[in-house]
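Taking it in order: structure first as structure tokens, then the write-up.
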Amino acid sequence: MKIPAGRGSVPPPTGSGPDRWLQGDDPYNDARAALEGLVSVYLHHGPVLRALADASGADAQVERAYRGLVEDFIAATARHIREEQARGRIGPLVDVDETARALTWLDERYLSEALGRAPQGDPQLVVEVLHNIWISTLYGRT
């Protein structure tokens with residue numbers, strides 16, 4: 001994918017985009033591809049996603065739908081962390097479910113701030129920051 005001039009570039013995500021990490025077998029590269037897919041979604045729809053997140057605080061129906069979507073991501077992340085622990089790739093964590101919750105909400109807020117308003121941030125930098133956080137938190141390396 002090409003980003004407007006002066007903004008860097010994020011290559012097109014491979015596999016299934018945001019859920020690539022959940023289904024792949026190469027944690028480092030799959031996490032990057034998943035984050036590239038997620039950044040691509042926010043790059044194209046960030047203002048709408050930010051408005052949805054903001055509206056969830058004022059409308060109970062929107063909040064249920066939005067939180068349900070985020071909770072699905074949290075549950076899938078927690079499941080995959082446990083799978084990676086069973087494979088010996090991720091060591092013990094203080095609490096798997098809360099780690100998944102923290103990482104998912106961190107993504108949501110950071111992406112909303114970085115790409116949900118004009119001017120949008122540098123998408124490649126956003127990928128790098130999030131990739132570093134996820135990999136160092138879960139796998140202990142950058």
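The values are calculated or read from the model by the stated rules, or taken from the named source; none is laboratory data. Please read these numbers as outputs of a predicted model, since none were measured by experiment. Glycine gets a Cβ as well: all are built from the backbone with ideal geometry, and neighbour counts include every protein chain shown. Each accessible area value is taken on the protein alone, full model and side chains, heavy atoms only, with ligands, DNA and RNA left out. Shrake-Rupley method; radii C 1.70, N 1.55, O 1.52, S 1.80 Å.
Please tell me if Ala51 is modelled with pLDDT under 95, open to solvent by less than 60 Å² (accessible area, probe 1.4 Å) and not acidic (Asp, Glu). When the stated conditions are applied, Ala51 passes them.
Output the residue which, of all residues in the stretch 26-47 that are in contact with a Gly (Cβ under 9 Å, 6 or more places away or on another chain) and within 22 Å of Glu83 (Cβ to Cβ), is surrounded by the fewest Cβ atoms within 10 Å (Cβ to Cβ). Of everything passing the filter in the stretch 26-47, Asp30 is surrounded by the fewest Cβ atoms within 10 Å (Cβ to Cβ). Only residues that are surrounded by 14 or more Cβ atoms within 10 Å (Cβ to Cβ) and either in contact with a Gly (Cβ under 8 Å, 6 or more places away or on another chain) or β-branched (Val, Ile, Thr) (or both) were counted in the stretch 54-92, giving 8. For the stretch 110-129, the condition of being closer than 25 Å to Ala86 by Cα, in contact with a helix residue (DSSP H, G or I) (Cβ under 9 Å, 6 or more places away or on another chain) and open to solvent by 20 Å² or more (accessible area, probe 1.4 Å) holds for none of the residues. Restricting attention to the stretch 69-115, the residues that are in a loop (DSSP other than H, G, I, E, B) and under 17 Å from Ala34 (Cβ atoms) total 2.
Within the stretch 40-66, residues that are within 16 Å of Trp105 (Cβ to Cβ) reach partners that are exposed (fewer than 14 other Cβ atoms within 10 Å of the Cβ) and of a type in the set (Lys, Arg) with beta carbons closer than 7 Å, at six or more positions or on different chains, in the pairs Arg50/Arg117; Ser56/Arg67.
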